[in-house]
Amino acid sequence: MTTPTPLPDAELLYQQLLNQIKPHAMQQDKLAIVGIYSGGAWIAERLVADLALKNKPGYIDVSFYRDDYAAKGLHAEVKPTYIPFEVEGAAIILVDDVLYTGRTTRAAINELFDYGRPARIMLAALVDRGGRELPVAADFVAHVAHFEPAVSVHLHRADDGSFSLSIAHA
């Protein structure tokens, strides 16, 4: 049995991610942020507020766009996708809490293109856990750690909006 990877402080990771994105946010006039439910949506909300962006955050639920939808079925907590800005020509930062196989990212990009053709899509992730099945890499990532496939990494948001991480074993 391997020793579990210790989890860093999620609030510190968020600050690292914010600091990486900040210089890029100042250079883009049509910058928009879209979070993937649920953890990515939470991070997107804070990024938009902390960067003082004019566009409200967008939210994507990739349930219907997953390539494993037929095998896994519909998730019990499907949320509506909400894109409150013009996707056509926008520079978009797509936010996920944990980057793993790349399949969620691929599904989110497919869904974004249903709303228009962005000028650019950049990917931000709080944690990159490796294990890619598709050629997907984050432009902004706060922490890289490798976990066994049977381990799930989860982001949590407290009532005060602060973040924490946990792991679960299958």
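Bear in mind that the values in this text are calculations on the coordinates, not laboratory data. Since this is a predicted model, take the numbers as computed values, not measurements. Note that we place each Cβ from the backbone using ideal geometry, even for glycine, and neighbour counts take in every protein chain shown.
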Response to the item:
Proxy exposure order for I33, I109 (fewest C-beta within 10 Å first) is I109, I33
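Kindly provide the helix-only [θ] at 222 nm of the chain, computed as the sum of -39,500 (n - 2.57) over DSSP H runs of four or more divided by all residues, to the nearest 500 deg cm²/dmol?
Values: 4 runs with 46 residues, N = 170.
Helices in the chain give a 222 nm mean residue ellipticity of -8500 deg cm²/dmol.
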Worksheet item: Relative to the Cα centre, what is the charge dipole magnitude of the chain, using +1 at the beta carbon of each Lys and Arg, -1 at the beta carbon of each Asp and Glu, and rounding to the nearest 20 debye?
Response: 280 debye
Worksheet item: With no solvent and one point per C-alpha, what does the Debye sum give as log10 I(q)/I(0) for the chain at q = 0.15, 0.18 Å⁻¹?
Response: -0.82, -1.20
Discussion item. Once each part is reduced to its C-alpha centroid, what is the distance from the stretch 13-36 to the stretch 88-136 in angstrom?
Written reply: 14 Å
